[in-house]
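Only the coordinates and a few stated rules stand behind these numbers; no lab work does. Quantities reported herein were computed from a predicted structural model and do not represent experimental measurements. Cβ placement follows ideal geometry from the backbone for every residue including glycine, while neighbour counts extend to all protein chains displayed.
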Amino acid sequence: MEFTLKFKDLNEKREIPNDDYTIKDLLNELELSAQTVVSKQNGELVIEDTVIQEDDEIQLVQIIYGG
Amino acid sequence: MQCSQCGNSKVIYKREQSGQLLCKDCFIESIEKKAIKTVRKEKLLDKGDKVLVALSGGKDSVTTLEILNSFREMNVIDLCAVTVDEGIANYRQDGVDIAKRHAERLGIEHKVVSLKEDYGITLDEIMQRPNHKGSCTYCGVFRRTIINKAAREMGATKIATGHNLDDEVQGIMMNYLEGNTDNLTKLGAKTESQAEEFTVKIKPLREIPEREIGLYVVAKELEVHFDSCPYAMQSFRGEVSEVINQLAEKHPTIKYSTLRGYDKIKGVLKKEMQKEYAHGRCKRCGEPSANDLCKACSFLEELGV
C-alpha cells in the first residue's frame, strides 16, 4: 500500500506502514512540526489526525520559516 | 468529526486552546471576524482614514491587506501599499511581484521603494562589508524610515503592519528579558510616536497566531511568498520564539495570556517608563530625529555611502 508525498521539490511514493498511519505520524517521521506546515489530502486541507489511505496524494505546505 | 460551528464533516483545523473544530468556510470567517474585532476593540481605524499597508508579499502582510480591504469595500477607509525592496538576490523579487499582483487585483495605489534607489546600496552589498552590524539591524531601520516616508508622500493617516500574535508575544518577552522598558512601552495594537511626522502604526492581526494566518492564506488560496530570508539567522528573537512555542505545546493559551497581561500593564508602563525624546531633525536627510543624525543616516555615514 502506497501514497504519494509532495513537499517542496519532493514528489515520491511512500509505503503506508500500518492501518492507522496518520499525517501526524508522517510529520514525525519527517521531523516536521505540525505548527509549521499545513496538510492537504488529495488537494483538500485536512487536520493532522487524518488517516492516510492507499493512493492518497499528501501535500505538505510549509507556512512558517525560521526567519 | 464535525465542524463545531456548522456541522460540516470536512474539518481543516482544530484549535488546541479551545478544542474547537472548524471547516474551511468557518475557519476563514473566524479569522476575519477576529481581526475585525481587534480593529473595533482597539479603535484602529477612523472613518476616512487612508491606510498604508506595509506589503512584503508574505502571508502576514497579504492577510492584513485582505482584511483591511473589507473596510475599504464598505467605504470606511481608503487603502494603499508600499513594498520595500531591500536588495536581496534570489529572494525579494518574488515577494515584490506578488505584492504588485495583489495591489493590481484590488486596484489600490502601490509603490515599490528600493534601498538601492533611496540609499545607493543594497542589503547584499552592506553584508559584504567586513564590519557590518548584522542584516536585521540595517533592514529594520531602513525599512522603517522608507515606510514612514512613503506614508507621508502617499497622504496616509495610518500604517498597517502584519504583526501576528507570535510576533507580539516575542516582542513582549524579548524586551522584558532584556530589561528594555522603553521599548516595552512602544508595543501594542496602536503605536503613536511623539513626533508628528511619524504616522500612527496599527496591527490588526496581533491576536491571531502565526499558524492560523498561514492556514488562512492557503485556505483562501491567496498568492503569498512562503520563503525564508537568506539572512535569517539564530537571533535572540528565534531563541525566545522557540521557548514560547515549547511552552505553548503544554499550555496552549500561554500566548494569549502573555498578550492580555501586557495589555493590562501597558498604561502603567507608559506612564512610568516612557522616555521623552528631543524633537529635532536629522542634519543629513531632514527626517525627525532625537540626535544630529537619524539612525538610517548614521548607518549610511558608517558605511561611507
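Tabulated data
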{"quantity": "Ordering of B:88-101, B:122-135 by packing [mean C-beta count within 10 Å, highest first]", "calculated": "B:88-101, B:122-135"}
{"quantity": "FRET efficiency, 1/(1 + (r/R0)^6) with R0 22 Å, evaluated for B:Arg105 and B:Asn75 via beta carbons", "calculated": "0.70"}
{"quantity": "Hypothetical label at B:Lys270: residues of the stretch B:183-205 whose amide nitrogen lies under 12 Å (7 Å Cα-Cβ projection)", "calculated": "B:185-194, B:201"}
{"quantity": "Mean Cβ count within 10 Å, highest first, over the residues of peptides B:199-212, B:276-289", "calculated": "B:199-212, B:276-289"}
{"quantity": "Separation in nanometres of the label points that stand 7 Å from Cα toward Cβ, at A:Leu30 and B:Lys14", "calculated": "1.9"}
{"quantity": "Members of B:Lys34/B:Lys100; B:Lys149/B:Lys295; B:Lys190/B:Lys264 lying beyond 18 Å, as alpha-carbon distances in this model show", "calculated": "B:Lys34/B:Lys100"}
{"quantity": "For the stretch B:186-305, the Rg and Dmax computed from alpha carbons only, in angstrom", "calculated": "19.1, 52"}
{"quantity": "Long-range HN-HN contacts of B:Ile159 with modeled amide H, under 5 Å", "calculated": "B:Leu52, B:Val200, B:Lys201, B:Ile202"}
{"quantity": "Packing-based exposure ordering (other Cβ within 10 Å, fewest first) of B:Val169, B:Val39", "calculated": "B:Val39, B:Val169"}
{"quantity": "Simple label model, 7 Å out from Cα along Cβ direction - B:Ser114 to A:Thr22, nm", "calculated": "4.9"}
{"quantity": "Positive minus negative residues near A:Leu60 (Lys, Arg vs Asp, Glu; Cβ under 9 Å)", "calculated": "+3"}
{"quantity": "Ranked by how many other beta carbons lie within 10 Å on average, peptides B:158-164, A:18-24 from highest", "calculated": "B:158-164, A:18-24"}
{"quantity": "Approximate shape of chain B as ellipsoid semi-axes (Cα gyration tensor, √5λ), whole Å, largest first", "calculated": "32, 23, 21"}
{"quantity": "Positive dipole terminus of the protein assembly as shown, leading residue within B:Ala89, B:Leu205, B:Ser193 (C-beta point charges)", "calculated": "B:Ser193"}
{"quantity": "For the stretch B:153-305, size of Cβ-based charge dipole, Lys and Arg +1, Asp and Glu -1, in debye", "calculated": "560"}
{"quantity": "Centroid-to-centroid separation of the stretch B:135-149 and the stretch A:29-67 [C-alpha atoms, Å]", "calculated": "35"}
{"quantity": "Relative pair counts by distance (%), Cα atoms of the protein assembly as shown, 10 Å bins", "calculated": "5, 21, 31, 26, 12, 4, 1, 0"}
{"quantity": "Cross-link table B:Lys41/B:Lys201; A:Lys8/A:Lys40; B:Lys186/B:Lys283; B:Lys111/B:Lys133, entries beyond 19 Å C-alpha to C-alpha", "calculated": "B:Lys186/B:Lys283; B:Lys111/B:Lys133"}
{"quantity": "Selected from B:Leu65, B:Ser4, B:Cys23, residue furthest toward positive end of dipole (the stretch B:1-84; charges at beta carbon)", "calculated": "B:Ser4"}
{"quantity": "Computed over the stretch A:2-62, Kirkwood Rh from alpha-carbon pairs, angstrom", "calculated": "11.3"}
